[in-house]
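Enquirer: There's a structure below that I have some questions on.
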């Protein structure tokens, strides 16, 4: 009942769900933010109206790609990463999803009074290490301090810059007949972070998948035939696929048996009543590719460090436009709806 009301009527105050990447955030952007902004793009490039992973500024010999993001993750240190690695990897990946070569990042830090200098050094070192891994320069920054109790530890805001010499990859490029490649297991980041936050233990250590995907995406692009790419962060795989389906008016059909999910993620999701397809990933991408190139792209992706568990999980069809349909392991079909919001708050 609550979800149905919120999906049709915007409330008078901002709620956590409005920043969670699902239906609620979409309504906030479209009904509150966009109507108040007049200039939304530069010289015919991709801008706010497209609601893509980044924006483009046309150049004489290509396009400048720009993407910006804020990071409020709790806890700031978690298995497999921390807020510094998350901020750089997430921003670099958004630039990569546009088909760009990331070159630089700017980072703003807002820190709570009393935050330990040792923890600040640890975050900054992680920022530096991840920039080195992604081969981007940290070119600008800003630091502010808020009074104790007015902020929860630390917030990072980042802006990524990349260059596209050839074709920009955008959500609108997805086509009927495309195969959908998922570059690895889903739900790792959100469940690992929730386990750390709530003290849930597993027989094996579950870590976040947070990582810059330069090698994986460049390998995929080297084959050709890529029509669209997206990293399934807030709202997970369910949100990302629904964005594609609704934007282009196509049907996306996926197969449950082909979606790679760790046993620990499945177990934790069942215990907590969470759909793992709605859980944030921070080191995965979905790639739409022309069918004749799909197997070659898959082979290239699997040869990279962060793409070893990649799988072709479905295809784009004319049937059931604007819907995501999953063929289940028992032979049935179910609609994968766009989530109202990320089921795990403050996950990125």
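Enquirer: I need the shape label for the stretch 120-222. Rule: rounded when a/c is under 1.5, else prolate if a/b > b/c, else oblate, with a, b, c from the alpha carbon gyration tensor.
Expert: oblate
Enquirer: Right, next: Between the stretch 277-309 and the stretch 228-263, what is the separation of their alpha carbon centroids in Å?
Expert: The two parts, judged by their Cα centres, are 12 Å apart.
Enquirer: Can you sort 293, 305 from fewest to most other Cβ atoms within 10 Å of each residue's own Cβ?
Expert: Fewest-to-most Cβ neighbours within 10 Å comes out as 305, 293.
Enquirer: Right, another one. As a test, work out the antiparallel percent of DSSP beta bridges whose residues both lie in the chain, rounded to the nearest 5.
Expert: Taking every DSSP beta bridge with both residues in the chain, the antiparallel ones total about 80 percent.
Enquirer: A further question on this structure: Top mean-square fluctuation among 61, 171, 258, Gaussian network model of the chain, C-alpha springs under 10 Å?
Expert: Of 61, 171, 258, the most mobile in the Gaussian network model is 61.
Enquirer: For the chain, state what percent of all Cα-Cα pairs lands in each successive 10 Å bin, counting from 0 Å until the bin that includes the largest distance.
Expert: Result returned by the calculation: 6, 25, 36, 26, 7, 1.
Enquirer: Could you compute how fast the stretch 55-120 diffuses translationally, taking Rh as the Kirkwood radius over C-alpha pairs and applying Stokes-Einstein at 4 °C with viscosity 1.567 mPa s? Give it in µm² per second.
Expert: Rounded to a whole number, D works out at 93 µm²/s.
Enquirer: Helix-only mean residue ellipticity at 222 nm, the chain, DSSP H runs n ≥ 4 weighted -39,500 (n - 2.57), per residue, nearest 500. What is it?
Expert: -8500 deg cm²/dmol
Enquirer: If you don't mind, another one. Using a 10 angstrom cutoff on alpha carbons, build the Gaussian network for the chain and name the most mobile of 101, 178, 275.
Expert: The residue with the greatest mean-square fluctuation here is 275.
Enquirer: Do you know the relative contact order of the stretch 51-164, to the nearest whole percent, from alpha carbon pairs under 8 angstrom that are 6+ apart?
Expert: Relative contact order of the stretch 51-164: 41 percent.
Enquirer: From the square roots a ≥ b ≥ c of the eigenvalues of the alpha-carbon gyration tensor of the stretch 171-335, which class results: rounded (a/c under 1.5), prolate (a/b over b/c), or oblate?
Expert: oblate
Enquirer: Arrange 91, 158 by Cβ neighbour counts within 10 Å, fewest through most, would you?
Expert: Lowest count first: 158, 91.
Enquirer: Let me see the P(r) profile for the stretch 51-164: every Cα-Cα distance counted, bins of 5 Å, each bin given as a percent of all pairs.
Expert: Result returned by the calculation: 2, 12, 22, 23, 17, 11, 7, 4, 1, 0.
Enquirer: Expressed as a rounded percentage, what relative contact order does the chain have, with Cα pairs under 8 Å and six or more residues apart?
Expert: About 23 percent, as a whole number.
Enquirer: Then there's this: Specify the inter-centroid distance of the stretch 157-187 and the stretch 49-123, based on alpha-carbon positions, in whole Å.
Expert: Cα centroid to Cα centroid, the span is 16 Å.
Enquirer: Quick one: order 82, 152 by neighbouring beta-carbon count within 10 Å, fewest to most.
Expert: Ordered from fewest to most neighbouring Cβ atoms within 10 Å, 82, 152 come out as 152, 82.
Enquirer: Quick check: from the Cα gyration tensor, does the stretch 274-348 come out rounded (a/c under 1.5), prolate or oblate?
Expert: oblate
Values in this text are rule-based calculations from the coordinates and carry no lab data. Nothing here was measured: the structure is a model prediction, and the numbers come from that model. FYI the Cβ positions are ideal-geometry reconstructions off the backbone, even for glycines, and counts take in every protein chain you see.
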